[in-house]
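**Q** The structure under discussion is supplied below as structure tokens; questions concerning it will follow.
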Amino acid sequence: MTSAAGQFIEESGLKIFAHRGFSGRYPESTPASYRAAIDYAEQTGIELGLECDVHFTADDQLVCLHDLTIDRTSDAEGPLYEWKLDDLRKIDFGSWFKENPSQEERSVTTLIELLDLIKDARDRGAKINLNLETKHPTPRGLDIEGRVTELLTERGWTGPDSPIRMITFFPDALIKIGEVLPDLQRTYLMSDLDRAPGGVLPEGVKIVGPDIEAVRQDPDFIARAHDQGNEVHLWTVNTPEDVEFCLEHGVEGMTTDFPDIVVDALMSSSVR
């Protein structure tokens, strides 16, 4: 892939997000997965969003993991909020995905570490941003939005030019984010289109992020969302056929486990 990919994607206005990093090829949410996505963006010259899910640990740290427990993606088990960060550092988060993972492929990633990776990449000139999902339900309720606000404020990433977009399935979290971070873009995630049947989103939210499989059952949802002035960002877009569906229906964003497959499919489509 050459810099033509970056030029094409920029001109098209399409947004691509690497789901939990380059999670189709590396253990999800690990430093290796995020570094691989950043490396791919730098090699191809594309603008690429990363995506993460954040939870509190038992000792009040924010870490990037999707599930409420560590059972699926580690060699240990139990609710994530019962584990301290130092103990999570000793757990293998990579062997479920591949044999003999490297240290970066088996490690947990804190949100601070991910934000630092993004800052370093942007300082090098890479076009990297982040879809940051606050996970609910959680025993700490909306404390997680407060902590994220503190971390972004420390970095000066709270204005309209911030590389951060806040995303969540939880309407109360969308409202809280709008109150404390009013200049940041917000995305309302959904797996059930009945949560916004007419394409109308909570006040101030202009991006909807539905499951591609739900939208396949009701593709007119995209037009309804557009009629309300909203963008549509689908997840999880992993095949050339998924990309074609997105292009045919005019979606603005795609979250994928395989950024390389999506970019290759977009480039193939552009030369037809």
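The values are calculated or read from the model by the stated rules, or taken from the named source; none is laboratory data. These numbers were taken from a predicted model, which means no experiment stands behind them. As a convention, Cβ positions derive from the backbone with ideal geometry for all residues, glycine included, and neighbour counts pool all protein chains shown. In case anyone asks, the SASA skips ligands and DNA or RNA and just uses the protein heavy atoms, side chains included. Shrake-Rupley method; radii C 1.70, N 1.55, O 1.52, S 1.80 Å.
**Q** Just subtract the alpha-carbon distance of ASP143 and GLU99 from 0.36 nm times their residue separation and send over the number in nm, one decimal.
**A** Extra length available between ASP143 and GLU99 comes to 12.1 nm.
**Q** If R₀ is 22 angstrom, what is the calculated FRET efficiency for the pair ASP161 and ILE112, using the beta carbon separation as r and rounding to 0.05?
**A** 0.55
**Q** Same structure again: Given the Cα-Cα distance of ASP227 and ASP183 and 0.36 nm per residue of separation, how much length would full extension add, in nm?
**A** 13.5 nm
**Q** Using amide H atoms built 1.01 Å from N in the peptide plane, name the residues 5+ places from GLN185, or on other chains, whose amide H lies under 5 Å from its own.
**A** Those qualifying (amide H under 5 Å, at least 5 residues apart or on another chain) are MET166.
**Q** Using Cα pairs under 8 angstrom and six or more residues apart, how large is the relative contact order of the stretch 141-250, in percent?
**A** 19 percent
**Q** Could you compute Rg(Cα) / (2.2 N^0.38 Å) for the chain, with N its residue count?
**A** Working it through for the chain, the quotient is 0.97.
**Q** Subtracting the Cα-Cα distance from 0.36 nm times the residue separation, let me have the gained length for GLN43 to SER268 in nm, one decimal.
**A** 79.2 nm
**Q** Right, here's the next one. Which of the lysines could a cross-linker span from LYS98 if the Cα-Cα distance has to be under 30 Å and same-chain partners fewer than 8 positions apart are dropped?
**A** LYS15, LYS84, LYS90, LYS119, LYS127, LYS135
**Q** If you average the sequence gap of Cα pairs under 8 Å that are 6 or more apart and divide by the length of the chain, what percent do you get for the contact order?
**A** Result for the chain is 18 percent.
**Q** I've got another one for you. Pop out the carbon and sulfur fraction of the accessible area of the chain as a percent, whole number, probe 1.4 Å.
**A** 47 percent
**Q** From the helices alone, meaning DSSP H stretches of at least four residues, give me the mean residue ellipticity at 222 nm for the chain, per-run term -39500 (n - 2.57), in deg cm²/dmol to the nearest 500.
**A** Estimated from H runs of four or more residues: -11000 deg cm²/dmol.
**Q** Hey, what's the chain come to in accessible area per residue, 1.4 Å probe, Å²?
**A** On a per-residue basis, the chain sits at 44 Å².
**Q** Now for a different question. Determine, from the Cβ-Cβ distance of ALA76 and GLU154 and an R0 of 30 Å, the FRET efficiency 1/(1 + (r/R0)^6), rounded to the nearest 0.05.
**A** For R0 = 30 Å, the calculated efficiency reads 0.45.
**Q** What GluC sites (Glu not before Pro) in the stretch 85-191 are in a loop by DSSP, with at most 16 other Cβ atoms within 10 Å of the Cβ?
**A** Taking the stretch 85-191 and a limit of 16 other Cβ atoms within 10 Å, the loop GluC sites (Glu not before Pro) found are GLU99.
**Q** Here's something else I'd like to know. Given contacts defined as C-alpha pairs under 8 Å and at least six residues apart, what's the relative contact order of the stretch 77-197, whole-number percent?
**A** Dividing the mean separation by the residue count of the stretch 77-197 yields 18 percent.
**Q** Please provide three numbers in whole Å: the alpha-carbon extents of the stretch 136-272 along the principal axes, with the largest listed first.
**A** So the extents along the principal axes, rounded to whole Å, are 47, 31, 28.
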